[in-house]
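Asks: Input: one structure, supplied below.
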Amino acid sequence: MDCIFCRIIAGEIPAREVARSAHAVAFHDVNPQAPVHVLVVPVAHAATAADAMALEKGDQVIAEVMRLGVEVARELELEKGGYRFVINTGDEGGQTVHHLHLHVLGGRQMRWPPG
């Protein structure tokens with residue numbers, strides 16, 4: 001398995017896990033871009049959101065990633081100050097690991113535009 005996120009999900013590579021459901025896993029980013037930076041990834045490998053939608057029950061996969069992201073934001077007490085969800089897609093979109101992942105960023109003032 002070449003995908004680092006698939007290996008984290010399988011437990012082959014250690015990660016600081018925050019939450020897990022049957023369909024998604026949340027863990028701290030090893031290169032945080034904010035005081036709180038958690039990644040939420042679907043258990044089923046899909047490079048992008050469009051690829052995830054092509055899976056059987058793809059809409060449920062996307063919904064579960066978002067649901068777990070909300071749960072993580074609540075658990076890490078980001079709701080009061082606010083937080084940002086980001087999904088990068090493709091090289092020009094800033095995606096460096098080609099397994100769909102939702103960034104949950106918080107703990108500081110976010111700027112706009114982001115990139």
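The values are calculated or read from the model by the stated rules, or taken from the named source; none is laboratory data. Small disclaimer: the values here were computed from a predicted structure and weren't measured. Counting neighbours? That spans all protein chains shown, and the Cβs are built from the backbone with ideal geometry, glycine included.
Asks: Given the residues 61, 25, 72, 30, which is the only one that is of a type outside the set (Gly, Ala, Ser), touching a helix residue (DSSP H, G or I) at 6+ places or on another chain (Cβ under 9 Å) and closer than 20 Å to residue 13 by Cβ?
Replies: It is 25.
Asks: Between a first residue in region 89-101 that is farther than 20 Å from residue 43 by Cα and a second residue that is modelled with pLDDT of 95 or more and of a type in the set (S, T, N, Q), which pairs have beta carbons less than 8 Å apart while being 6 or more apart in sequence or on different chains?
Replies: 94/88
Asks: Scanning for something surrounded by 19 or more Cβ atoms within 10 Å (Cβ to Cβ) and in a loop (DSSP other than H, G, I, E, B), does region 83-99 turn up at least one residue?
Replies: Taking every residue of region 83-99 in turn, at least one turns out to be surrounded by 19 or more Cβ atoms within 10 Å (Cβ to Cβ) and in a loop (DSSP other than H, G, I, E, B).
Asks: Now, a different point. How about region 34-56: which of its residues are outside any helix (DSSP H, G or I), under 23 Å from residue 11 (Cβ atoms) and touching a residue at least 24 places away in the same chain (Cβ under 8 Å)?
Replies: Listed by number, the residues that qualify are 37, 38, 39, 40, 41, 42, 43, 45, 46, 47.
Asks: Does residue 59 satisfy being part of a helix (DSSP H, G or I) and exposed (fewer than 14 other Cβ atoms within 10 Å of the Cβ)?
Replies: Taking the combined requirement at face value, the residue satisfies it.
Asks: Moving to a separate point now. So which residues in region 44-69 are within 11 Å of the chain's Cα centre (by Cα) and of a type in the set (Val, Ile, Thr), if there are any at all?
Replies: Correct list: 62, 65.
Asks: For region 16-48, name all the residues that are buried (at least 16 other Cβ atoms within 10 Å of the Cβ) and either over 27 Å from residue 109 (Cβ atoms) or among the aromatic types (Phe, Trp, Tyr) (or both).
Replies: Matches in region 16-48: 23, 24, 25, 27, 42, 43, 44, 45, 46, 48.
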